[in-house]
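What follows is calculated from the coordinates using simple rules that are stated; it is not laboratory data. Every value quoted in this text rests on a predicted model; they were computed, and no experiment measured them. No Cβ is skipped: glycine too gets one built from the backbone with ideal geometry, and neighbour counts run over all protein chains shown.
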Amino acid sequence: MFMLHGPIRCLSWVNERLLKIGYGIGIFAIAVMVAVTLVQVFCRYLLNNALPWPDEAARFCMLWMTGLMAPTAFRRGGFVAIDILPAMLPQWLGSLLNLVLLSLSLIVLAVALKLGWSEVTGIGGRFASASLFVPTAWDFSAWYRLPRSWMMASLLVGFLLLLLVNIELILRNLAVLCGLHGLALNAEPRIGGSE
């Protein structure tokens, strides 16, 4: 029973740090996504000259924002869920149901992680993006076309973070089933401040 304390505390510490970093980068990605979309609207409708890169840049930011913020939502219970059944059941039975569902999610996330890896390292990741370039010199004299693997890495990172959160939630549900209610997720402060 007490063997769950160490892994839960350790994984919780790792997840809190990683998700705080991901949350900050996700907020930045949202800001960039909105900015490039506004630039495209301005150029397309006011200057009558659509730029080639803002659509792909917004998509790049949206994928990274999703990959970095979805684990935080998962850990906080922010995904859409029908939770009336676990709420109606006794706590141990609700935890057992959650454990079964989280175990199924673990299998799906393991397969998704493998798919994310193949997207980054496979043939699709070797192609260059259509219109996203970054400067390779300080004076902007040379430009490098971003590879698609940089965009697809958001899948890999997002699935990895979701997998870590899923393992933490499984361990916490096991702790509740063992009678260690102090290790439930709502017993610790959440990311992003007080609730």
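Extension gain for residue 28 to residue 14 (0.36 nm times residue separation, less C-alpha to C-alpha distance): 2.9 nm. Obtain the nm distance between the two label points defined at residue 73 and residue 42 by a simple spin-label model: each point lies 7 Å from its Cα along the Cα-to-C-beta direction. About 2.9 nm, to one decimal. Summing charges over all other residues whose Cβ lies under 12 Å from the Cβ of residue 69, with Lys and Arg as +1 and Asp and Glu as -1, gives +3. Alpha-carbon geometry of region 1-41: the Rg and the Dmax are 17.6, 58 Å, given in that order.
Descending by average beta-carbon neighbour count within 10 Å, the peptides 47-53, 102-108, 57-63 line up as 57-63, 102-108, 47-53, the highest first. A Stokes-Einstein calculation at 37 °C with viscosity 0.692 mPa s, built on the Kirkwood radius of region 1-91 over Cα pairs, returns a diffusion coefficient of 202 µm²/s.
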